[in-house]
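Q: Sending over a structure as structure tokens; questions will come in a sec.
The values are calculated or read from the model by the stated rules, or taken from the named source; none is laboratory data. On a predicted model such as this, the values are computed, not experimentally measured, just so you know. Counting neighbours? That spans all protein chains shown, and the Cβs are built from the backbone with ideal geometry, glycine included.
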Amino acid sequence: MTQDKALLILKTGANVFLTGEPGAGKTYTINKYVAYLREHGVDYAVTASTGIAATHIGGMTIHSWSGIGIKESLTKYDLDKIATSEYLNRRIRKTKVLIIDEVSMLHADTLNMVDAVCREIKQVSEPFGGIQVVLVGDFFQLPPIHKKVADQKQMEFTKEKPAHFAYESDAWKRLAPVVCYISEQHRQEDEAFLELLLSIRRGTLEEEHYEFLKTRYVERDEMPEEVTKLYSHNLNVDRVNDEELDKIDEQEKRFEMTSSGSAALVTALKKGCLSPETLILKKGSIVMCTKNNPKEHYVNGTLGTVVGFDSLYGYPIIETKKGRKITVSPLEWSVEENGKVKAQIAQIPLRLAWAITVHKSQGMSMDSAIMDLSSVFEYGQGYVALSRVRRMSGLYLLGCNAKALQVHPLILEQDKIFQKQSQEIDTGFNKFKEKEIKTMHKNFIVAVEGEWKEQ
């Protein structure tokens, strides 16, 4: 399915699961839909399963939005308390469209809780209280953290394997979202590399693929300079960045994050922000941009070297791989609700980038990266790491264990179902005439109390 077709389906008000390979344009499509909703005066909420994902899309975590916080289950008392919260009640009642990004990392129980909260507050028995729900993500990427204790207790009583992935939840099944599987590719520029990634997704890796990967192995003393390293553990990342910064014999500059608004939301923003609260830089530091800035022509993932600091404000000047110099001034990360800023933080949108974790790289596009996948411990980690780079020539491997190239066997089977469902929807939607589609779009805007505008 194309991005345009998925957008047409979203505008009908249908509940949608928007999926596709990394680089297919899921976030781009959602941004287009959000702009459309804003243009027509429709109240919407943009959320994500994690803080990092939330900062990529300028939203808040679904846990914060729904009021469930860190709870792993909801009692009747919990539900009553959330439902009687004035600001949560007002927020959820006015929301007509709920977007949840990186749904692969959302536990089934969490989706069930959000559904329960929405139905309780809206006092409507329909899934999520009748809100249009748009679930976005790719289940081949990082899965939810496994709640072993809770799952074990459930198995003791029911003798059944508890739901883990969001699509296994009762809420997902009742919602029955239309599957829009985008098949365009806008990140990888290398056909052979793309074929390798597709083979990992399909579980059809052959000897030739392993041989292909071997051509990208490098020894530690042969690693190219000024290329970001991806590790599976935070410990390795912090060690590498601290060691490299200490090696530079230059004066350090410190940049402190500022914040305003709701304390709880500020805490969530800080947790999800890829830039640290205290950013320490020196001339010669390898850095990565942590936010998109179309005006200055850099994106989340742009790499560069600090070549100096401007004389007026002391902001860092970075030189990108292509030799372009950019003065990087502070940017804001905020949580908005219907056009009003509830909380915001401001920081120089950079982080030290000799190394980052695979987890924090999800959602980024990189020109090149050095990867050590020898300690990968989770399905999808290796795939996420490999799919960050645009072409094979930008990949440098230090090591790779068997787990790194494995995808979850359950996801392998489920993905075939998603693709089949998407093809059926694609074919079925083609039967509608342009006038009928326009009528559906208008009816939805009117139904959610928006202001219809002729396109």
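Q: Check Thr29, Thr61 and return the single one that is over 30 Å from Asn443 (Cβ atoms), out of contact with any Asp or Glu (no Cβ under 8 Å at 6 or more places or on another chain) and either in contact (Cβ under 8 Å) with a residue 12 or more places away in the chain or among the small types (Gly, Ala, Ser) (or both).
A: Being over 30 Å from Asn443 (Cβ atoms), out of contact with any Asp or Glu (no Cβ under 8 Å at 6 or more places or on another chain) and either in contact (Cβ under 8 Å) with a residue 12 or more places away in the chain or among the small types (Gly, Ala, Ser) (or both) holds for just one of Thr29, Thr61, which is Thr61.
Q: Can you find a residue in the range 305-323 that is under 16 Å from Glu225 (Cβ atoms), of a type in the set (Gly, Ala, Ser) and within 26 Å of the chain's Cα centre (by Cα)?
A: Looking for residues that are under 16 Å from Glu225 (Cβ atoms), of a type in the set (Gly, Ala, Ser) and within 26 Å of the chain's Cα centre (by Cα), one finds none in the range 305-323, hence no.
Q: Something else about it: Go through the range 131-176 and give me each residue that's out of contact with any helix residue (DSSP H, G or I) (no Cβ under 7 Å at 6 or more places or on another chain) and either modelled with pLDDT of 75 or more or outside the structural domain of Ser422 (by TED's automatic domain parsing) (or both).
A: Once the filter is applied, which keeps residues that are out of contact with any helix residue (DSSP H, G or I) (no Cβ under 7 Å at 6 or more places or on another chain) and either modelled with pLDDT of 75 or more or outside the structural domain of Ser422 (by TED's automatic domain parsing) (or both), the range 131-176 yields Gln132, Lys173, Ala176.
Q: May I pose another question? Could you check, for the range 400-416, whether at least one of its residues is more than 27 Å from Arg239 (Cα to Cα) and touching a Leu at 6+ places or on another chain (Cβ under 8 Å)?
A: The answer is no, given that none of the residues of the range 400-416 is more than 27 Å from Arg239 (Cα to Cα) and touching a Leu at 6+ places or on another chain (Cβ under 8 Å).
Q: Do you know which residues across the range 405-444 are surrounded by fewer than 16 Cβ atoms within 10 Å (Cβ to Cβ) and aromatic (Phe, Trp, Tyr)?
A: Listed by number, the list holds a single entry, Phe432.
Q: Can you pull out every residue in the range 216-262 that is touching a residue at least 60 places away in the same chain (Cβ under 8 Å) and of a type in the set (S, T, N, Q)?
A: Those that are touching a residue at least 60 places away in the same chain (Cβ under 8 Å) and of a type in the set (S, T, N, Q): Thr228, Ser232, Asn234, Asn236, Asn241, Thr258, Ser259, Ser260, Ser262.
Q: Which residue pairs have Cβ atoms under 6 Å apart, sit 6 or more places apart or on different chains, and have a first residue in the range 182-194 that is part of a helix (DSSP H, G or I) and a second that is modelled with pLDDT under 60?
A: From residues that are part of a helix (DSSP H, G or I), the pairs are Leu194/Gln188.
Q: Among the candidates Leu79, Leu88, Leu98, which residue alone is assigned to a helix (DSSP H, G or I), within 21 Å of Ser262 (Cβ to Cβ) and either among the polar types (S, T, N, Q) or in contact (Cβ under 8 Å) with a residue 24 or more places away in the chain (or both)? Reasoning before the result, please.
A: On the way: Leu79 fails: within 21 Å of Ser262 (Cβ to Cβ); Leu98 fails: assigned to a helix (DSSP H, G or I).
Only one candidate qualifies: Leu88.
Q: I'm trying to understand the selection: among the residues of the range 9-30, which are β-branched (Val, Ile, Thr) and within 13 Å of the chain's Cα centre (by Cα)?
A: Thr19, Thr27, Ile30
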